[in-house]
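Q: Okay, handing you the structure first.
The values are calculated or read from the model by the stated rules, or taken from the named source; none is laboratory data. What you are looking at is a predicted structure, and each value in this text was computed from that prediction instead of being measured. For accessibility, only protein heavy atoms count, side chains too; no ligands or nucleic acids. Shrake-Rupley method; radii C 1.70, N 1.55, O 1.52, S 1.80 Å.
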Amino acid sequence: MSVSEQALQKAQEISRQAADVAAKGQMVVPQQAKTLFQRLKSMGYKRWAMVLVTMGGVVAALATPVLLVVGLPALVVVGGILLLFSPLILVTSPLWIPVVLFFLIVGGGLAATVAAILGLWWLYRYFRGPMPPGGKQMYMVKEYVRGVVQRTTGTISKKGHQITDAMKITTPSST
């Protein structure tokens, strides 16, 4: 039996099953295929460990020859260039230090300014505007911490009262 005949038989069988289900008044809903993310999300931790170990082994097996083939010549070439130009770099280093410091200071200042602007924008949106990316998670963490603090305060208060009652200690507030 050829592949096309098998496929035809399978299609006829499925259509018969669908007709039987439809005759009973039920809807035919094909099962949705799982995406890769859904499959990964539904895996247990043991299976995740197996996947990660396998991926690590594959990466190590592929990276080792690549590093040997590419890395060793690159190391030799870069080391040779550095060896050839080291006298020039050493002689001109008083000129390079201010230039490098200037670019580090300017680049760091720009990065800090951008980070501050983005941080303030995020805070503004969190407190005043529509919820920023990650704002819902931040709110949930804040509520969780608030609940933990309240439970801890209550537990410590109860334990303190139990200890004072057990030791028959009078506190200034109870006299």
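Q: At 0.36 nm per residue, and after removing the present C-alpha to C-alpha distance, how many nm does the segment from Ser2 to Tyr124 gain when stretched out fully? Walk me through the numbers on the way to the answer.
A: On the way: separation 122, 0.36 × 122 = 43.92 nm, distance 6.70 nm.
Extending this stretch completely gives an extra 37.2 nm.
Q: Go ahead and set up a Gaussian network model of the chain, Cα springs under 10 Å, then flag whichever of Val114, Val69, Val148 fluctuates most.
A: It is Val148.
Q: Select from Ala63, Ala11, Ala49 the residue whose mean-square fluctuation is largest in a Gaussian network model of the chain (Cα-Cα springs shorter than 10 Å).
A: Comparing Ala63, Ala11, Ala49 in a Gaussian network model of the chain, the most mobile one is Ala11.
Q: For the chain, state the semi-axes of the equivalent ellipsoid (square roots of 5 times the eigenvalues of the alpha-carbon gyration tensor), sorted largest first and rounded to whole angstrom.
A: Taking √(5λ) for each Cα gyration eigenvalue gives 53, 50, 23 Å.
Q: Shifting gears a bit: Per the 1.4 Å probe, what fraction of the accessible area of region 41-169, in percent, lies on carbon and sulfur atoms?
A: Numbers: 8870 of 11200 Å².
The value for region 41-169 is 79 percent carbon and sulfur by accessible area.
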